[in-house]
Structures are given as C-alpha cells and as structure tokens.
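The values are calculated or read from the model by the stated rules, or taken from the named source; none is laboratory data. Remember, predicted model here, so these are calculated numbers, not experimental data. No Cβ is skipped: glycine too gets one built from the backbone with ideal geometry, and neighbour counts run over all protein chains shown. To get the accessible areas, we keep the full protein, side chains included, count just its heavy atoms, and leave off ligands, DNA and RNA. Shrake-Rupley method; radii C 1.70, N 1.55, O 1.52, S 1.80 Å.
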Amino acid sequence: MNLNDYFKQFLTNIEPTSAQVTAASTSHNAVRTHLANDSEFKKIFVDSFLAGSYARDTAVKPIQDVDIIVVTTWDKEPAGLLKELKAALDRNKNYKTKTSPQRRSICIELEHISMDLVPAKEVTGGIAPLQVPDREQKEWIDTNPRGHTEWVTGLNKKTKQSDTDQGRFVPLAKMLKHWKRFALANAKHPKGFWIECLAGWNHDAGARDWADVFIRSLEKIKDRYATDSQSGRAPQLVDPGLTHQYLSTGLTGAEFQTFFKRLEQALTDAKAAQADTTSYAKSAELWQGVFGSKFPSKEQRDAQVRLEQAAIAARATSLGARSGRDVSEPEQFGG
C-alpha cells in the first residue's frame, strides 16, 4: 500500500499559503529598505538578510514571524546597538507604535505578521562571522545564521535524486514541526529551530517513502536520546552553524521527557498506520491520529483527486479551443 499521495497533500496542507508568503515578503523588504536609507542608521548599516525558518523554507502554516539579521559596523557597547536599531525603526511612522525591544532583537508587530530584527556586528578573525548583542548578559554572542541556512540546504540536497526533486529533509522538518504543534499544542518548548536541528542530526538521508522518512527519523531520535529522557535531562545538540558549541535552549529535562513520551507514542502510531494495508481509509485515519486533521482522510483525498482531474480536463478543453481541434481526437500521423 502506498500513501505517498496522501503525504504530498498533507505537506501542501501545512505549507504557508502564497498570500502569507507575499505578505511576509512585502513586509520584510519594506523594513530592510527603510533601515538601509534611514538618515542616521545608514551610517552604520552594512547589509541585512533573512534568517530563521522563513529563510530556510522550513516554516509551516501560518508564517508567524520573519527573522531579519541587520549587519552593522557598530563598535560600542552591545545595548547601544539595540537602542540605535529601535530608534531607526521608530523614525518610520509605520512602526512607531509597534516596536518592542527583546533580549537580542527588536520586534515589530503587524496585523498579519511579526518581524524580529536582530542587529549584529561583523567579526574579523573570530570563531563566528557575526556577533549579536545580548541585553541581559550585556555582552556579544557568537552567531552564524547563514551557516544554519547552508546546513539545511546541504542536508536537503543530499536527499535529492534529481535537480527537480524537492528533497526529503526540508519536508521532514516541516512534518516534525507540525507534529509538535499538534501533539504538544500548548508547550512553549522545544522551539522550532531545536526540532529542526534534532531532525538534522537524526534523519535517514536514504529514505524515500514519506512514511519511512518520518518513521526512521523518530526511530533514530528514540534510540539516541532514550537515556537522556530516562535521566530527566534535555540533550545537548551541536549548533550546526557553530560546531564548537551547543545550541542555546530553554528546554528543561521535564519538558524533554514530555516531548519524548509523545514522540514514542507517535512512533508507535505511525508504525501501526504504515503496517495497516487493509484500506486507504483505515491507514489515513491512523495517520490522522499522528498529525491531526491536516493529514487528509480518504474522502478528502478522493475529493482532491476529482478537483485535479477537473482542472486537467479544463486545461485540455482550453488548449483544444485555442488550437481549433477536438483534443479528444488523437492526432493523425502522416501527411
């Protein structure tokens, strides 16, 4: 039994919509342009680029925030750079009443999305290409967000069989993020990037069937971190952008135990769903127990197939009308 078409529809269901992507793009381009041209901030402005799940294409519906790294030539105390960035944003009347300082960023809350702008300074000869200010610690923190994006891109490339193949790692990260949102709806931790890294360090690059992609990753996670869960501690994951250090996370041992127990249950349920070959309806129902209603039922999948077939028929009719022939009739060979 092959449920790959169901998984493809599931992945489409959790993808950000084109409207959300357009809104995010319009918003971040506007604020980046403002900073590059602000009368005062442009004196220290070097560049800006996107980071986070939006940049890595691992965001799931809806796009809730966009992370923007703002590179500067700032050479004074860390807190001062955050103040300079907020002042520059406040000079744009569109954001004046909607900016709020965070520990390492300035957040802009818009009606449809929020943006976290993280100021940074370039580092020459350091162990990280950039450093960002930490308001609470009053010091500079090493970071490499471009390294994170390159890591994810590289992992996904290794799972492609051709240039047109979408790969398996990025979709896996999306499936795990959506699963966490469904299975631990009110849990603050673990964060999305931690889950992304967990998947990155524990996935099977050779898995092709979508059920196998998900199940094998959960199996690796279970085998590798069972001792951590039993000991009541959160595992330390290497930062893929700064491999000399671990990820900074607020995940507690108790929170990881809860996460791990839900993951074990999801693995059990997923294996049962994969093993059930009695009918598409039953297997889809079991997968819905893992992922929730975003995974299509047989009725929903059948309805989608009918829509796709109707669209194909409509395009064929349109092409036939424009070519002046009946597309239902085969073309004749010869003169």
**Report entry** Selection from region 202-247 of residues that are more than 20 Å from Gly192 (Cβ to Cβ) and aliphatic (A, V, I, L, M)
**Finding:** Ala205, Ala207, Ala211, Ile215, Ala226
Query raised in the report: Are there any pairs, at least 6 apart or on different chains, whose C-beta atoms fall under 8 Å, with the first in region 288-305 and over 23 Å from Leu218 (Cβ atoms) and the second open to solvent by less than 60 Å² (accessible area, probe 1.4 Å) and not in a helix (DSSP H, G or I), and if so, which?
Result: Lys298/Ser279; Gln304/Pro296
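For residues that are of a type in the set (Val, Ile, Thr) and part of a helix (DSSP H, G or I), scanning just region 230-288, find the one that is most open to solvent (accessible area, probe 1.4 Å). Spell out the reasoning first.
Step one: list which residues in region 230-288 are of a type in the set (Val, Ile, Thr), which gives 238, 243, 249, 252, 258, 268, 277-278.
Next, from what is left, pick out any that are part of a helix (DSSP H, G or I): 258, 268.
Working: Thr258: 62, Thr268: 85 Å².
It comes out as Thr268.
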Query raised in the report: Mind checking whether some residue in region 24-41 is acidic (Asp, Glu), in contact (Cβ under 8 Å) with a residue 12 or more places away in the chain and in contact with a strand residue (DSSP E or B) (Cβ under 6 Å, 6 or more places away or on another chain)?
Result: no
Query raised in the report: Of everything in region 170-221 that's open to solvent by 30 Å² or more (accessible area, probe 1.4 Å) and touching a Phe, Trp or Tyr at 6+ places or on another chain (Cβ under 8 Å), which residue is nearest to Ala266 (Cα to Cα)?
Result: Phe182
Requested in this report: Sort out which residues of region 108-131 are in contact with a Leu (Cβ under 9 Å, 6 or more places away or on another chain) and open to solvent by less than 10 Å² (accessible area, probe 1.4 Å), and write them in order of number.
Outcome: Ile108, Leu117, Pro119, Ala120, Ala128
**Report entry** Index of the failed condition, Phe291 passing every other in (1) over 19 Å from the mean Cα position of the chain (by Cα); (2) in a helix (DSSP H, G or I)
**Finding:** (1)
Query raised in the report: In region 136-164, what residues are open to solvent by 20 Å² or more (accessible area, probe 1.4 Å) and in a loop (DSSP other than H, G, I, E, B)?
Result: Glu136, Gln137, Lys138, Asn144, Lys160, Gln161, Ser162, Asp163, Thr164
Requested in this report: Within region 22-62, track down each residue that is in a helix (DSSP H, G or I), modelled with pLDDT under 95 and open to solvent by 60 Å² or more (accessible area, probe 1.4 Å).
Outcome: Thr22, Thr26
Report task. Test Ala19 against the criterion of being without any contact (Cβ under 8 Å) to a residue 12 or more places away in the chain and not in a loop (DSSP other than H, G, I, E, B), and give yes or no. Result -> yes
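Would you say Val132 is touching a Phe, Trp or Tyr at 6+ places or on another chain (Cβ under 9 Å), β-branched (Val, Ile, Thr) and not in a helix (DSSP H, G or I)?
On the way: touching a Phe, Trp or Tyr at 6+ places or on another chain (Cβ under 9 Å): yes; β-branched (Val, Ile, Thr): yes; not in a helix (DSSP H, G or I): yes.
Yes.
So, in region 63-76, exactly how many residues are in a loop (DSSP other than H, G, I, E, B) and open to solvent by less than 20 Å² (accessible area, probe 1.4 Å)? Before you say what the answer is, go through the steps one by one.
Of the residues in region 63-76, the ones in a loop (DSSP other than H, G, I, E, B) are 63-64, 73-76.
Retained after the next criterion (residues that are open to solvent by less than 20 Å² (accessible area, probe 1.4 Å)): 63.
Summing the residues that are in a loop (DSSP other than H, G, I, E, B) and open to solvent by less than 20 Å² (accessible area, probe 1.4 Å) in region 63-76 gives 1.
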Query raised in the report: Can you tell me which residue in region 99-129 is farthest from Tyr246 (Cα to Cα), limited to those that are in contact (Cβ under 8 Å) with a residue 24 or more places away in the chain, assigned to a loop (DSSP other than H, G, I, E, B) and β-branched (Val, Ile, Thr)?
Result: Ile113
